[in-house]
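Read the structure below first, then the notes.
Only the coordinates and a few stated rules stand behind these numbers; no lab work does. Nothing here was measured: the structure is a model prediction, and the numbers come from that model. Heads up, the Cβs are rebuilt from the backbone with ideal geometry, glycines too, and the neighbour counts pull from every protein chain shown.
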Amino acid sequence: MTAQHPLRGDVAVLVPAAGMGTRLGPGGPKALRDLGGTSLLAHAVRRLSRADAVGCVVVAAPAGHRDEVAAALAGEVAAPAELIVVDGGETRQHSVAAALAAVPPEFGIVLVHDAARALVPPSLVQRVAAAVRDGHDAVIPVLPLVDTVKQVDDSGHVIGTVDRSVLRAVQTPQGFRRSVLEAAHRAAVDALTDDAGLVEKLGVRVMCVPGSEAALKITRPHDLAVAEILLRAGA
Ligand code: CTP
Ligand code: MG
């Protein structure tokens, strides 16, 4: 397995961070909000750049915050890895496309990681990157579902119980051969919540690797409270 001999710094990571955090409540762009004295975005970028595979981090910043974000993150990406900050777009997909367009030509593997998953472990980044390097065109980290899942109709009545064993909850970073991600974004017509969804539409097979509880997505106030506990516990 090439994973035993990981190349250093052959991966670019895109960090869409331009969302408003509406579900978290008032307080400005979510990526710039505080978690234990540090912004969610700085937590994410720090952890991403701790992964040996990562040679470049491209952040899509919230509208009007590009310079502030570039200054705040300057110390978070250690040389020789490079930090690039671009303006985000109207939707997550636009933000990812803007970041992708700024990736320097030498990077053949691209990961996409939501700033909202601030406590991503560097080991998860390495795992996803290694699977792409091993030949998978598209790789997603997943967790099994814990809740029972039911299909429900408009009136609130249950139609049926879904077989949970075939379902997975999907996280980021998602990893791609660069040409595959570029083709997926060129072909994109619908707005989807993840990049692997765009790649699936091209007919490309997507490989799953184990995700991490620490990479939870901070969406609502409850998630921020959980992240604070995880941080205090050493995540
Ligand atoms: N994102 C982005 N550009 C947008 C919208 C979202 O870069 N126009 C980013 C967010 O900053 C986040 C990731 O996409 O890191 C996942 O989005 P989500 O968790 O939905 O964050 P928000 O859009 O900020 O939250 P909400 O939907 O509650 O407003
Ligand atoms: Mg959103």
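Below is a table of values for the structure above.
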read-out: Vicinal HN-Hα couplings computed from phi for region 227-235 (Karplus, 6.51 cos²θ - 1.76 cosθ + 1.60; Hz; Gly/Pro x); value: 4, 4, 5, 4, 5, 4, 7, x, 5
read-out: Region 67-182, dipole about Cα centre (Lys/Arg Cβ +1, Asp/Glu Cβ -1), debye to the nearest 20; value: 520
read-out: Residue (of Leu202, Thr219, Ser179) at the positive-pole extreme of region 169-234, dipole from beta-carbon charges; value: Ser179
read-out: Quarter of the Cα convex hull surface for region 83-235, i.e. its orientation-mean projected area (nm²); value: 11.4
read-out: Debye log10 I(q)/I(0) at q = 0.19, 0.22 Å⁻¹ for region 20-123, Cα point scatterers; value: -0.96, -1.32
read-out: Gyration tensor verdict on region 123-211 (Cα atoms; rounded if a/c is under 1.5, prolate if a/b is larger than b/c, oblate otherwise); value: oblate
read-out: Length-normalised contact order for region 1-152 - Cα pairs under 8 Å, 6+ apart - percent; value: 32
read-out: Nearest-20 debye value, the chain charge dipole, Cβ charges on Lys, Arg, Asp, Glu; value: 360
read-out: Residue-by-residue Karplus 3J(HN,Hα) for region 22-32, coefficients 6.51, -1.76, 1.60, Hz, glycine and proline x; value: 4, 6, 7, x, x, x, x, x, 4, 4, 9
